[in-house]
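Please read the structure below before turning to the comments.
Readers should treat all values here as calculations from the given coordinates under stated rules, not as data from a laboratory. Keep in mind the model is a prediction, meaning the values are calculated, not measured. Positions of Cβ are generated from backbone atoms using ideal geometry, with glycine treated the same way; all protein chains shown enter the neighbour counts.
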Amino acid sequence: MFKEEYALMQTASPAPNTPATATAPMADVKMSARQVRVHYGDNEALHGIDVDIRRNEVLALIGPSGCGKSTFLRCLNRMNDSIEGCRVSGSVTLDGVDVYDPALDVVQIRARVGMVFQKPNPFPKSIYDNVCYGPRIHGLTRNRTELDEVVETSLRRAGLWEEVKDRLAAPGTGLSGGQQQRLCIARAIAVSPEVILMDEPCSALDPIATAHIEELIDELRRNYTIVIVTHNMQQAARVSRRTAFFHLGNLVETGDTETIFTNPGDQRTQDYITGRFG
Amino acid sequence: MTDSLQITGAGTSLHTTPAAQRRLRRRYAAERRFKALGLFAVLFGLAMLAFLLTTIVSQGYRAFIQTHVSLEVYLDPEVIDPRGTADPRDLARADYQSLAENALYGLFPAVEASAERRALRGMLSQGAGLELRRRIQNDPELVGTTLELQLLVSGSVDQLNKGVFDLESGRRLPVSDEQIGWFRELEAQDRISAPFNWGLFTRADSREPELAGLAGALQGSLYLMIVTFVLSFPLGIGAAIYLEEFAPKNRLTDLIEVNINNLAAVPSIVFGLLGLAVFIQVFGLPRSAPLVGGMVLALMTLPTIIIATRASLKAVPPSIREAALGIGASRIQTIFHHVLPLAMPGILTGAIIGLAQALGETAPLLMVGMNAFVTSVGDSMTSPATALPTQVYMWADSPQRGFVERTSAAIMVLLGFLIVMNALAVFLRRRFERRW
Amino acid sequence: MSFSLTLGVLLLLSAAGYWVGRSRAANLVARGSGRLHSLPSYHGFYVALWAGIPAFVLLLAWGVAGDRIVEALVLAGLPDAQTATLTNSERALLLAQIRNEAAGIGFGTPEPFVAAAAERLVELRSFSAWIVSAALIAGALAALAWALRRLAPDLRTRNGVERTLRLAMALCSALAILTTLGIVLSLIFEALRFFARYSPLDFLFGLQWSPQTAIREDQVGSSGAFGALPVVWGTLFISLIAMLVAVPVGLMSAVYLAEYATPRVRSWVKPVLEILAGIPTVVYGFFAILTIAPLVREAGVTLGLSVAANSALAAGLVMGLMLIPFVSSLSDDVINAVPQSLRDGAAGLGATRSETVRQVVLPAALPGIVGAVLLALSRAIGETMIVVMAAGLAANLTVNPFEAVTTVTVQIVSNLTGDTEFDSAKTLSAFALGLLLFCVTLCLNVIALGIVKRYREIYD
């Protein structure tokens, strides 16, 4: 029975609610941030961010280096917890529940809000072990067959299955950079998260691998809510439906990607998009 | 049930089912166990350290005071200088101990049987006579006078005074019941005192615990450190500079590198065997000499200094070298004028830590015979001597009860030096550490 | 003239050479004979090196070999009737007698020829010392003068001095090789002498170890058996007990400090734990006999076991204590070398700390940890003072930790201290054991250092 549930999770796309539109009702908001401030010691890195992330949409966070977009991304699944001297205030909700509620469990949050990092970071284990690690620790499967299935589904979804199906026992660190990143995405998917956070997932990759990942993101948005930080505006334009522009720790504006890129509301956005700074 | 798991429903997902919650509780229990295990390990280490130090200190503090008895000693000319010539050789040879013993007999006129008298005079240390002789030799005019003196009591009476013996246990003690009685009487007459034990630092080794001191060992260790430093510091720096700055990268230098790392991990006793076979057997250098011990320790310290120096040299950024070379300095000038001074704090730190290790090293010293029993302070680098750690070893081996506290005290002195040296190293590192 | 006095004169000469050379060079410029190629001080060093180094090297050589030569001369000068029939050891004995007599510490009235030889020895010693000192000082002066004459503005003294310095530094690093060579050669040489008397196979695989050699023919139980197996077993047994304490405790405290402790706690606890590593082993030995051994004994007696005073357990436990910081600081390095991205990766999937540590960090750090454990094992095997003080002397093949066993290092120490002839089988066996110890620890070290190095390369 559990297996069926899992299969449902993996395949059933929540069709009724897609596509999200700019005028989405509140129920469509998957995560929302209100007045999020982050301090590193005495330094305020984010000055009160308000943003809604809607179900099954790709939100791109853009902005010059050091503008706080990665910091904000890490707030969404409390990855900043592990950084010394980092304090987060304000609220981040997932399905209306505060992520920072002390009663809520950080492990659970991270299982529901997965993350893909800037540099591919496969564990020094086999490809199979990399993908099955998440389901294993969360106890998502009951036996080997189920586990195999999850691994295969995840790798398929990450578009890696055809390339690695014959060498699942080979070390994940032996793959090429692009494959490693897709492995990391597969690893994240295998936990069946609801939201996937991607922190410049293509910055360490060559153009061909980048194209692969971008196609993949396009695929994934049917099942998952995705927040992607990127440096590359073309990428933001290609993969996202909505875009948020960060500057010096402020969220300058949020809007449909198309609007942001063609008709930004703020001078700073305009300057960044046209390459005046950044 | 499937319905409740619809991911589209707000707040529900695979990760929020009751089953998932149960799993989560189990995982957190495992987490707590693991963390507790780690904490236990840390606390175990700390507790053991505390246990060790308390053991040592609780034994050793006693050796820093020494029991004395106050006696009015008549400096009988008949005994000291029977011929009345004040010849220094006569003064040196006289039976001073009997003077002190007579003074003690005077306090207990009732004690007459020879066995009892033997027990009574057994309460005095041989150090009493030595003390009297020192007084007379300093000032021969004192002969014929009566002096009130603080004289050393024997080791077992000293232990009795310090309350080491469990008088109720019924076990055989090194002091007899009579002696305990006499001691109580002396105590009642307020003749017993226990001042700070300067003798611990001014006297050399002895078979009698109350007379045994660390002076010889301290001097031996000082000599060892001097030899070790003088040899290993320049040699180590020279080797490190060559390897780091000049050596071509080839198999020979690779070999040297591997070799140095290995030398740092060779058991210290093997260095002792080297010293015995090469320095003593082949070169014919004297046994038990600080010179030889220092040479062995220098060889042991060398890898530590080389490794520390290389690390410090590496930490100096290439830009400094390039700047100096760019204005026409030779490589040697660059290194000695710019790189080496910048690396010096790190090198000194490494050298001090290496020396601290050498100071506590015992096994190689045993091999070259630096556990000599020397009752006077040695006078040169080549005369037989002992060192602090070997003194600890020898005293730990001594049967008398009094040596337990002496050993602990020696350890406290040794640890004191180590703490000072390490603190100095930390200070140097903190004070001069530079981040590039 | 004594060694140190000569040395002092040579140093003075050298210093004078520096000063003269420098001022001569400065004069060269003042007289306008062109620009100097090198700074005046290099000219000074140039002269000083010429004056000092050759004489110093010769002086060292004399210091090592001089006495031998003199004594050989004295022995050769003895009447043939006295020396012709002597064996080597008798000859050494005679020499010792002469030496003692010369030093005035001989006992009894010596035979006249010994007295004469002693007198001759004293004479020759002082004579040779004078000759050598005078020759060396004269030589140094000559070299100084020669170097001074060579000074010229275009003499490249800097290059010369730097070359010398570089050569000296190369010699310093060669010393590392020489040390190893010295260790290996001396051990092998003495061990070969041992194996000439006792078969290496019996040594390696024999089950009896009783190094006391019979002094009288009829003595019982002093056959001098040198089967090292029980000794080796004892070493491994105590090391094993030590590792059972040190590895779990060291590893877990490293994990706790690296992954759980706050930086404040870490910055206090880590150095305090490292104090354990800085305590001399002789202190641990004393701690073992004073405290741990009685505790172990009491514990054993309460359990109704008979416990030896110097049980393997007590020695092993204390050795384990000593190794805790060794294991923990090495593991700490290794654990910290695991990139943060791997921890983030696991945390990003929702793994708890302990899951991250057990399933990602430790497996990734495994090679390094294995290296650390091997290094600790090598340290345990070579550890001397704790076992000398707390373990037994009698070789026992036992697996009962409450019994006493002996170790390689204990045997080395006990066979080489005290008054024994240097070339008895008993003393030589210590070198054979030393060779064994050196080989085993060397292998462990090479493997461990190799593993650790390769591990570092993965994550650098």
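Miscellaneous remarks
- Once the convex hull of all Cα atoms in segment A:199-265 is built, its volume per residue stands at 91 Å³.
- Part-to-part distance (alpha-carbon centres) for segment A:166-188 and segment C:240-263, which is given in Å: 32 Å
- Exposure proxy for B:S114, B:S13: other Cβ atoms within 10 Å of each Cβ, ordered fewest to most, give B:S114, B:S13.
- Taking the convex hull of Cα positions in segment C:3-155, its mean projected area over all directions (nm²): 10.8 nm²
- Furthest towards positive pole of dipole, A:H247, A:V88, C:S173, structure part the protein assembly as shown, Cβ charges: A:H247
- Once C-alpha pairs closer than 8 Å and six or more residues apart are averaged by separation and normalised to the residue number of segment C:3-155, the relative contact order reads 39 percent.
- Residue (of A:Q118, A:G139, A:G63) at the positive-pole extreme of segment A:44-186, dipole from beta-carbon charges: A:Q118
- Placing dummy labels 7 Å off each Cα toward the beta-carbon, the span from C:S341 to B:F336 is 4.6 nm.
- Rounded to two decimals, the Cα radius of gyration of chain A over 2.2 N^0.38 Å is 0.99.
- Of the three principal axes defined by the Cα atoms of segment A:159-278, the extents in descending order read 52, 27, 23 Å.
- Length-normalised contact order for segment C:223-459 - Cα pairs under 8 Å, 6+ apart - percent: 29 percent
- Whole-Å distance, taken between Cα centres, linking segment B:351-398 and segment C:361-411: 25 Å
- Of the chymotrypsin sites (Phe, Trp or Tyr not before Pro) found in segment B:182-282, the ones in coil according to DSSP and having at most 15 other Cβ atoms within 10 Å of their Cβ are B:W198.
- Counting DSSP beta bridges with both ends in the protein assembly as shown, the antiparallel % (nearest 5): 70 percent
- Footprinting exposure proxy ranking of A:R187, C:R197, fewest other C-beta atoms within 10 angstrom first, gives C:R197, A:R187.
- Computed on the Cα atoms alone, the convex hull of chain B gives a volume of 305 cubic angstrom per residue.
- Each part reduced to its alpha carbon centroid, segment C:296-337 and segment A:79-115 end up 43 Å apart.
- Two-site FRET efficiency, A:D218 against A:T259, from Cβ-Cβ distance with R₀ of 25 Å, rounded to 0.05: 0.80
- Across the options C:V247, C:A314, C:S354, the greatest Cα extent toward the positive end of the charge dipole of segment C:223-459 (unit charges at beta carbon of Lys, Arg, Asp, Glu) belongs to C:S354.
- Lysine pairs in the protein assembly as shown whose alpha-carbon atoms fall under 24 angstrom of each other, counting only those eight or more residues apart or on distinct chains, come to 11.
- Sites C:F205 and B:L252, calculated FRET efficiency, Cβ-Cβ separation with R0 51 Å, nearest 0.05: 0.85
- Mean sequence separation of contacting Cα pairs (under 8 Å, at least six apart), scaled by the length of chain C, corresponds to a relative contact order of 16 percent.
- Chain lengthening between C:E457 and C:L5 when straightened (0.36 nm per residue, less Cα-Cα): 157.4 nm
- Space enclosed by the convex hull of the alpha-carbon atoms of chain C, per residue, Å³: 248 Å³
- Applying 1/(1 + (r/R0)^6) with r as the Cβ-Cβ distance of B:A423 and C:V57 and R0 = 35 angstrom yields a FRET efficiency of 0.30.
- Taking the convex hull of Cα positions in the protein assembly as shown, its mean projected area over all directions (nm²): 65.7 nm²
- Gain on full extension, evaluated as 0.36 nm per residue between C:N400 and C:L171 minus their Cα-Cα distance, stands at 77.4 nm.
- Across segment B:340-373, the residues whose backbone nitrogen lies under 19 Å from the label position 7 Å along the beta-carbon direction of B:F432 are B:340-357.
- If you run the Gaussian network model on chain B, springs between alpha carbon atoms under 10 Å, then out of B:L130, B:L414, B:L167 the most flexible one is B:L167.
- Here the simple spin-label model places points 7 Å from the Cα toward Cβ, and for B:V57 and C:L244 these points are separated by 3.3 nm.
- Computed over segment C:223-459, the percent of Cα pairs more than 33 Å apart is 28.
- Least to most buried among B:H338, B:H68 (fewest other Cβ within 10 Å first): B:H338, B:H68
- The H on the amide N of A:I49, modeled in the peptide plane, is under 5 Å from the matching H of A:Q35, A:V36, A:R37, each at least 5 residues off or on a different chain.
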